[in-house]
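**Q** Once you've had a glance at the structure underneath, I'll fire off some questions.
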Amino acid sequence: MRVLIVEDDRLIAGAVARHIGAWGCETRVAEDFKDITGEFVRFDPQLVLLDIGLPYYNGFYWCGEIRKLSKAPIIFLSSAADNMNIVLAVNMGADDFIAKPFDLAVLTAKVQALLRRTYDFNLSGRLIEHRGLLLNLDDGTVSCGGSRLELSRNEYRILQVLLENRGRTVSRETLMQRLWETDSFVDENTLSVNIARLRRKLEGMGLKDLIETRKGQGYLIE
């Protein structure tokens with residue numbers, strides 16, 4: 001399990017990372033406090049530990065941004081543990097709130113318990129990122145530049161295959177085989193219609209020419 005630690009106090013962040021890491025979790029301490037969303041996408045954690053008082057934007061802001069992308073559990077760590085902040089954290093999508101100073105053993109126990117509860121039932125949002133585009137593999141949505149839209153099952157499958165093979169041309173036959181796995185009949189015309197519809201949606205998000213056609217070969221995302 002991967003845990004992202006968003007804490008600007010290096011001593012606290014390092015101690016938390018070492019203690020949780022000793023219990024088998026992979027940890028990463030955020031470095032770029034202007035782009036916590038980017039840190040989240042690149043690391044793709046199963047849980048986030050998030051302070052409220054951060055440089056540039058506070059933890060409430062980043063909690064909201066992460067919630068646009070993923071259902072991964074979020075635990076707030078803060079000395080500002082008054083009722084108003086706790087209620088606000090929960091309303092923004094947090095799963096728990098731990099007041100500073102805290103005992104590292106208690107924190108680790110809460111992290112482990114939340115991970116068990118969450119992943120016994122479902123997986124967090126798994127993401128594929130490319131040139132600012134985010135494809136959520138769990139709910140079939142695509143996001144870019146603050147815009148978010150839902151894809152049809154076929155559109156989602158096409159984009160997933162192309163992103164998984166970015167830099168390589170994917171044949172029409174391969175795409176039709178993957179679409180066939182959805183238990184719906186797919187022929188040449190169905191594929192063409194779905195690719196055209198997907199391209200229009202991506203263009204509406206400012207991603208013109210993301211999907212390139214290789215005549216006689218297939219399709220490509222560079």
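**Q** Check each of the trypsin sites (Lys or Arg not before Pro) in the stretch 76-152 and keep only those in coil by DSSP with at most 11 other C-beta atoms within 10 angstrom; list them in order. Write down the numbers at each step before the final one.
**A** Details: sites: Lys110, Arg116, Arg117, Arg126, Arg131, Arg148; in loops: Arg126, Arg131.
Loop-located and lightly packed - Arg131.
**Q** Taking just the C-alpha trace of the stretch 63-164, give me its Rg and Dmax in Å.
**A** Computed over the Cα atoms of the stretch 63-164, radius of gyration and Dmax are 16.7, 49 Å.
**Q** Once the dipole of the chain is set up with Lys and Arg at +1 and Asp and Glu at -1 on Cβ about the Cα centre, which of Thr213, Phe60, Met92 lies farthest towards its positive end?
**A** Selected residue: Thr213.
**Q** So which GluC sites (Glu not before Pro) in the stretch 128-212 pass both tests, a DSSP loop state and at most 10 other Cβ atoms within 10 Å of the Cβ? Each step should come with its number before you reach the end.
**A** Numbers: sites: Glu129, Glu150, Glu155, Glu164, Glu173, Glu181, Glu188, Glu203, Glu212; in loops: Glu181.
The qualifying sites are Glu181.
**Q** For the chain, set up a GNM with springs between Cα atoms under 10 Å and report which of Asp138, Asp96, Asp82 has the largest fluctuation.
**A** Asp82
**Q** Helix 10-21 versus the longest principal axis of the chain: what is the Cα-based angle in degrees, 0 to 90, to the nearest 10?
**A** Orientation of helix 10-21: about 70 degrees from the principal axis.
**Q** Please give, to one decimal in nm, the separation of the simple spin-label points placed at Asn91 and Arg214, each 7 Å out from Cα toward the Cβ.
**A** For Asn91 paired with Arg214, the spin-label model returns 5.2 nm.
**Q** Right, something else. What's the tally of Lys pairs in the chain whose alpha-carbon atoms lie under 21 angstrom apart, where the two lysines are 8 or more places apart or on different chains? Mind showing how you got there, number by number?
**A** Details: Lys34/Lys68; Lys68/Lys201; Lys71/Lys110; Lys100/Lys110.
Final tally of qualifying lysine pairs is 4.
**Q** May I pose another question? So for the stretch 49-97, considering every pair of alpha-carbon atoms, how many percent are separated by more than 17 Å? Display every interim value, and only then the final one.
**A** Numbers: 253 of 1176 pairs.
Of all Cα-Cα pairs in the stretch 49-97, 22 percent lie more than 17 Å apart.
**Q** Put a dot 7 Å past each Cα toward the Cβ at Ala99 and Arg116; how far apart are the dots in nm?
**A** Reported label-point gap for Arg116 and Ala99 is 2.6 nm.
**Q** Of the candidates Phe43, Phe102, Phe60, which one comes out as most mobile in a Gaussian network treatment of the chain with C-alpha springs shorter than 10 Å?
**A** In this elastic network of the chain, the residue with the biggest mean-square fluctuation among Phe43, Phe102, Phe60 is Phe102.
**Q** Highest GNM mean-square fluctuation, the chain, Cα pairs closer than 10 Å: which of Ala109, Ala17, Ala30?
**A** Ala109
**Q** Would you mind computing, in nm to one decimal, how far apart the modelled labels at Glu150 and Arg67 are, each placed 7 Å from Cα along Cα→Cβ?
**A** Taking the two extended label points, one gets 2.0 nm.
**Q** Okay, moving on. Which of rounded, prolate or oblate describes the stretch 2-119 when judged by the alpha-carbon gyration tensor and an a/c cut-off of 1.5? Please list the in-between numbers first.
**A** Details: a/c = 1.20, a/b = 1.10, b/c = 1.09.
Since a/c stays below 1.5, the shape of the stretch 2-119 is classed as rounded.
**Q** Which one of Ile36, Leu135, Val106 has its Cα pushed farthest toward the positive end of the charge dipole of the chain, where Lys and Arg give +1 and Asp and Glu give -1 at the Cβ?
**A** In the chain, that residue is Leu135.
**Q** Can you give me the three principal axis dimensions of the stretch 138-222 from its C-alpha atoms, in Å, biggest first?
**A** So the extents along the principal axes, rounded to whole Å, are 34, 27, 21.
Read-outs: derived from the displayed coordinates by stated rules, not from any lab. Since the model is a prediction, treat every value here as computed from it, not as a measurement. With ideal geometry, Cβ positions are generated from the backbone for all residues, glycine too; neighbour counts draw on all protein chains shown.
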